[in-house]
Amino acid sequence: MKTVSAIKGHYAFVAMFENGQLAAARFHEPLIIGVGHDDFFLSSGVLGFIEFTDDAIYLENGNFVILDKNKFQILDFQGGHAKYGITKISKEFGDAYKGDYAHFTLKEIYEQPETILRAGEKTKEAIEKTADYIKHAKNIHVTGSGTSYNSALIAKQILSKYVKIKADPVMSSELQFSPESIEENSIIIAISQSGESADVLDAVKIGKQANCKIIVIVNLMTSSLAREADVVIGMNCGLEIGV
């Protein structure tokens with residue numbers, strides 16, 4: 001607790017003590033606990049332990065965990081016991097094999113005809129809800145980082161051309177410098193593959209402070225970003241490893 005009170009900035013870290021005990025803390029960066037039958041795992045993503053267990057605890061922001069051989073306790077930064085839940089990870093994320101391909105990036109490129117067709121499956125209700133929000137929105141901001149920001153630019157063109165609605169594309173990392181540009185009761189559409197991009201999470205936080213509706217388009221439905229949303233549209237593209 002003394003350590004986290006002295007650290008500035010965003011972080012997730014694990015410390016090992018001489019007796020084998022582990023302590024791990026999360027502050028605005030992902031940290032996940034894998035819960036096995038008689039063992040535990042710490043990772044920034046489920047790939048770190050999916051072959052051993054499909055039970056995960058997504059540590060909340062401002063919490064830390066103490067791990068012993070056969071037990072754990074989760075506390076907040078003030079030392080109080082924190083609430084948590086165990087999430088069952090979809091078994092599809094255990095399918096991390098590159099087959100005959102030289103590396104995962106090549107495999108993911110060649111899988112695109114299938115993943116594009118799969119995108120958006122089982123999200124009819126979320127898409128209809130999103131369409132209703134957009135139809136009645138006063139202001140729409142679409143945010144992302146990297147190639148997700150490129151998607152935001154395309155979203156602007158599509159909404160303008162086919163729906164005659166103006167949308168403002170925003171680079172997630174830039175929003176912190178002009179939070180006043182987000183009008184109250186607007187809609188924020190946040191795009192992220194992993195749902196753990198710090199810049200996108202910060203942009204959503206700014207939107208929530210302005211009482212905005214948060215619509216998230218993400219591939220990992222159990223991610224931090226998905227848990228911040230009013231509506232989540234899952235891309236359903238399968239596990240991304242090659243990035």
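The values are calculated or read from the model by the stated rules, or taken from the named source; none is laboratory data. These figures come from a predicted structure and were not determined experimentally. All Cβ positions, glycine included, derive from the backbone under ideal geometry; neighbour counts span all protein chains shown.
General remarks:
- Test: residue in the range 183-190 that is of a type in the set (A, V, I, L, M), farther than 13 Å from Ile140 by Cα and in contact with a Gly (Cβ under 9 Å, 6 or more places away or on another chain): no
- Some residue of the range 140-156 being in contact (Cβ under 8 Å) with a residue 24 or more places away in the chain, crowded, with 22+ Cβ neighbours inside 10 Å, over 24 Å from Arg118 (Cα atoms) and in contact with a helix residue (DSSP H, G or I) (Cβ under 6 Å, 6 or more places away or on another chain): no
- Residues (among the charged types (D, E, K, R) and touching a strand residue (DSSP E or B) at 6+ places or on another chain (Cβ under 7 Å)) located in the range 191-235: Lys208, Lys213, Glu228, Asp230
- So Ile33, is it without any contact (Cβ under 8 Å) to a residue 60 or more places away in the chain, part of a loop (DSSP other than H, G, I, E, B) and buried (at least 18 other Cβ atoms within 10 Å of the Cβ): no
- Here Ser173 meets the list (1) polar (S, T, N, Q); (2) out of contact with any Asp or Glu (no Cβ under 8 Å at 6 or more places or on another chain); (3) farther than 18 Å from Ile215 by Cβ almost entirely, failing just condition (2).
- Number of positions in the range 195-212 that are surrounded by fewer than 21 Cβ atoms within 10 Å (Cβ to Cβ) and either touching a Ser or Thr at 6+ places or on another chain (Cβ under 6 Å) or farther than 22 Å from His10 by Cα (or both): 4
- Per the conditions (1) surrounded by fewer than 17 Cβ atoms within 10 Å (Cβ to Cβ); (2) of a type in the set (Lys, Arg); (3) touching a strand residue (DSSP E or B) at 6+ places or on another chain (Cβ under 9 Å), the sole criterion not satisfied by Lys8 is (3).
- For Tyr110, the conditions (1) within 24 Å of Gly9 (Cβ to Cβ); (2) at pLDDT 90 or above; (3) surrounded by fewer than 16 Cβ atoms within 10 Å (Cβ to Cβ); (4) hydroxyl-bearing (Ser, Thr, Tyr) all hold with the exception of (1).
- Checked against the criterion of being over 23 Å from Ile50 (Cβ atoms) and surrounded by fewer than 24 Cβ atoms within 10 Å (Cβ to Cβ), the candidates Ile217, Ile241, Ile188, Ile233 yield just one match: Ile233.
- Within the range 114-161, the only residue that satisfies the criterion of being charged (D, E, K, R) and touching a Ser or Thr at 6+ places or on another chain (Cβ under 7 Å) is Lys138.
- Subset of the range 66-83 (residues that are assigned to a strand (DSSP E or B) and under 13 Å from Phe27 (Cβ atoms)): Asp76
Yes/no matrix, rows are residues, columns are (1) in contact with a Ser or Thr (Cβ under 9 Å, 6 or more places away or on another chain); (2) over 20 Å from Ser194 (Cβ atoms); (3) part of a loop (DSSP other than H, G, I, E, B); (4) β-branched (Val, Ile, Thr):
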| residue | (1), (2), (3), (4) |
| --- | --- |
| Lys8 | no, yes, yes, no |
| Ala12 | yes, no, no, no |
| Ala24 | no, no, no, no |
| Asp38 | no, yes, yes, no |
| Leu42 | no, no, no, no |
| Phe64 | no, yes, no, no |
| Gly85 | no, yes, yes, no |
| Gly99 | no, yes, yes, no |
| Ile109 | no, no, no, yes |
